[in-house]
Amino acid sequence: MLSTKSPPVTASGSAPAERSPGGRRAAGLAGALLFLIAAVLLSLAVGAKPLSLGEAWNGLFHAGSPAYTIVHDMRLPRTVLGLLAGLALGLAGAVMQALTRNPLADPGLLGINAGAAAAVVSAISFLGITSFTGFVWFAFAGAGAVAVLLYAVGGGRAATPARLVLAGAALNAALYSYVNAVQLLDTASLDRMRFWTVGSLASAQYDTIGRVAPFVAAGLVVALLLARPLNAMAMGEDAARALGADPGRARVAAILTVTLLCGAATAACGPIIFVGLMVPHLVRALTGPDLRWLFPYCAVLSPALMLAADVIGRVVVRPAELQVGIVMVVAGGPVFLYFVRRPRRRGLAS
């Protein structure tokens, strides 16, 4: 016998949506993964010697393919490093925005990447350290010191977007002035650092990838675990404690996460800005403010953006190449100005 029950009706008299918000977000995340796969294939195919997507695919999996050497020796390390660095920078920006409740928070704009860069430049120039293994610890120290200093100078929990941006701009200017001064005074260091300081994936090596991956993985895990406490803190510290979160511990863990992610990414490919600003804003329009969805989306779309910028840099000035850090500045500048001029009432909930 056929059921005569009609679908449930909402208070407004209309039938509910066919797909729940969770279902829409899961479908969107699947679409983001497809976009990431497309970016990876383009990164493997585009270069000084263009390959078709089929040739890139065969070069990736078949040792007898004519494209195998090009893909594995030149483009695969660059692509994997772009994945790791993009994930790290995008997720660090999302964590910073959640921690400070500031829609303009970005590790590159607020001086954290500059702190890592200043520490690495000091290690290269004064201590003669040139390997990733040697100066990654300096990058962590520089990023962590600036993160703590920025949080204190910007007003901590009472920080406003304007105050945080001003504090970050001042730290950025001071630290990059120091970096430029060291490079000008030490020509040997300048030769070693000139591509690194603008942000580049061109010198990617498997050895560097193997060393940076554990730090990025650790930062990713801690960030995902922080989603619930930071969600609770968005409602106020008293409400967060009532929900079982420890605001003090969450803040320390968030700063540690940003330090791990920014330090690793900056040590591997130099200071790159705007990834951590643009992606969380784009994602928030799809997921809303729930960090349990926002963080995974950022972990997928940030590396896709990084690889897309790197591919554009290989194409626009052929046969030369534009570094990914420069492409991100050109693309991110107008976006930053838009967010600065946008009415504050939209804030983080936009």
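The values are calculated or read from the model by the stated rules, or taken from the named source; none is laboratory data. Values in this document were obtained by computation on a predicted structure and should not be read as measured data. Glycine also receives a Cβ, built like all others from the backbone with ideal geometry; neighbour counts cover every protein chain displayed. Keep in mind that these areas ignore ligands, DNA and RNA; they rest on the heavy atoms of the full protein, side chains included. Shrake-Rupley method; radii C 1.70, N 1.55, O 1.52, S 1.80 Å.
Miscellaneous remarks
- Residue satisfying all of: in the stretch 232-244; open to solvent by less than 40 Å² (accessible area, probe 1.4 Å) and touching a Lys or Arg at 6+ places or on another chain (Cβ under 9 Å); modelled with the highest pLDDT among these: Ala232
- At least 1 residues being modelled with pLDDT under 90 and closer than 19 Å to Phe215 by Cβ is the threshold, and among the helices (runs of 4 or more DSSP H) wholly inside the stretch 46-140 those reaching it are 76-100, 112-127.
- Total residues in the stretch 311-345 satisfying the condition of being buried (at least 21 other Cβ atoms within 10 Å of the Cβ) and over 23 Å from Lys49 (Cβ atoms): the figure is 3.
- Residue in the stretch 47-75 that is surrounded by the most Cβ atoms within 10 Å (Cβ to Cβ), counting only those that are touching a helix residue (DSSP H, G or I) at 6+ places or on another chain (Cβ under 7 Å) and closer than 19 Å to Gly199 by Cα: Arg75
- Single residue of Thr160, Thr197 found to be modelled with pLDDT under 85, open to solvent by less than 80 Å² (accessible area, probe 1.4 Å), polar (S, T, N, Q) and closer than 17 Å to Gly263 by Cβ: Thr197
- Looking across the stretch 251-310 at every residue that is open to solvent by 10 Å² or more (accessible area, probe 1.4 Å) and among the aromatic types (Phe, Trp, Tyr), the one that is modelled with the highest pLDDT is identified as Trp293.
- Any hit, the stretch 293-302, residues being aliphatic (A, V, I, L, M), in contact with an Asp or Glu (Cβ under 9 Å, 6 or more places away or on another chain), farther than 17 Å from Gln97 by Cα and in a helix (DSSP H, G or I): no
Residue by residue, here is whether (1) free of Cβ contacts under 8 Å to residues at least 12 places away in the same chain; (2) crowded, with 18+ Cβ neighbours inside 10 Å; (3) in contact with a Ser or Thr (Cβ under 6 Å, 6 or more places away or on another chain) holds:
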| residue | (1), (2), (3) |
| --- | --- |
| Asn102 | no, yes, no |
| Gly108 | no, yes, no |
| Gly111 | no, yes, no |
| Ala114 | no, yes, no |
| Gly128 | yes, no, no |
| Gly134 | yes, no, no |
| Phe138 | no, yes, no |
| Gly144 | no, yes, yes |
